[in-house]
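The values are calculated or read from the model by the stated rules, or taken from the named source; none is laboratory data. As the structure is a prediction and not an experimental result, all values here were calculated from the model. Cβ coordinates were reconstructed from backbone atoms using ideal geometry, including for glycine residues, and neighbour counts include every protein chain displayed. Accessible surface is based on the protein model in full, side chains and every heavy atom, while ligands, DNA and RNA are left aside. Shrake-Rupley method; radii C 1.70, N 1.55, O 1.52, S 1.80 Å.
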Amino acid sequence: MKKFWFMLTALVATCFLVACRGSQGVSTIKENKKIVVATESEFAPFEFKSLVNGKDTLVGADIELAKAIGKKLGVKVEFSVMSFDNVLASVQSGKADIAIAGISVTDERKKVYDFSDSYYTSENVVIVKKDKVNDFTSADSLAKQTVGTQKGSVQETVAKKQFSKASVVSLASNGEMINELKSGQIQAVVLEKAIAEGYIAQNDDLTLASFNLKSDGSDAYAVAIRKGSDDLL
């Protein structure tokens with residue numbers, strides 16, 4: 001009986017804490033004098049690390065957007081950097097107030113999160129090695145090959161649908177994917193176009209594939225927050 005009451009008390013306490021986190025809005029953020037932003041650091045030009053005055057600094061379009069939100073609220077911005085597949089989960093758990101990391105709005109994600117108005121329309125593309133661009137001219141030409149995507153990303157879903165005859169491998173970071181492409185461990189990488197062009201500019205042995213991917217309707221980037229945080233939304 002004692003064990004039962006102990007477990008019941010622990011459950012109620014846990015639910016109370018989750019409820020408190022779930023109801024966190026503008027007033028709580030202002031009381032804390034900061035907004036915690038979940039993001040990643042390998043998604044140039046949206047968020048990436050760069051040397052600024054000799055210091056390793058998080059920069060990019062999404063970072064400036066987060067700072068603008070912080071300024072609007074009159075609070076400081078605290079960035080919580082993690083792998084992309086953990087970004088949304090940190091918002092759901094209450095560890096972060098918002099997530100800004102090139103996050104595509106999908107019907108599935110809208111069941112769990114609320115999203116701001118979109119601020120960017122994305123386009124998915126395929127990167128291959130230059131010496132293979134004439135070999136890989138369609139999704140079917142990559143049959144029995146290995147295609148890399150970022151774990152937890154919309155590109156992962158796109159790749160699994162449109163490269164059904166290939167082996168799709170999901171990796172934690174875009175940098176890891178590019179390295180494996182260059183070394184020949186994978187034969188193609190699915191990325192958002194702006195990010196892909198950045199990697200191609202830095203690697204003269206890589207290029208865009210000559211074929212296009214179909215849009216799956218998840219082309220809009222937006223800020224993600226917990227369900228029900230209407231004042232923050």
On the basis of being open to solvent by 30 Å² or more (accessible area, probe 1.4 Å) and within 21 Å of residue 46 (Cβ to Cβ), does residue 121 make the cut? yes
**Prompt:** Can you find a residue in region 57-73 that is touching a strand residue (DSSP E or B) at 6+ places or on another chain (Cβ under 6 Å) and at pLDDT below 95?
**Reply:** no
Note on residue 63: of the conditions (1) open to solvent by less than 50 Å² (accessible area, probe 1.4 Å); (2) touching a helix residue (DSSP H, G or I) at 6+ places or on another chain (Cβ under 8 Å), unmet is (2)
By residue number, the members of region 63-85 that are touching a residue at least 60 places away in the same chain (Cβ under 8 Å) and over 16 Å from residue 222 (Cβ atoms) are 83, 85
Flagged in region 110-151 as under 17 Å from residue 186 (Cβ atoms) and among the hydrophobic types (A, V, I, L, M, F, W, C), in numbering order, are 125, 126, 127, 128, 133, 136, 139, 142, 143, 147
Of the residues in region 37-60 that are β-branched (Val, Ile, Thr) and under 16 Å from the mean Cα position of the chain (by Cα), the one that is surrounded by the fewest Cβ atoms within 10 Å (Cβ to Cβ) is 59
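If you scan region 108-123, which residues turn out to be in contact (Cβ under 8 Å) with a residue 12 or more places away in the chain and over 18 Å from residue 63 (Cα atoms)?
Result: 109, 112, 113, 114, 123.
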Checked against (1) part of a helix (DSSP H, G or I); (2) open to solvent by less than 30 Å² (accessible area, probe 1.4 Å); (3) of a type in the set (Gly, Ala, Ser), residue 96 satisfies every condition except (1)
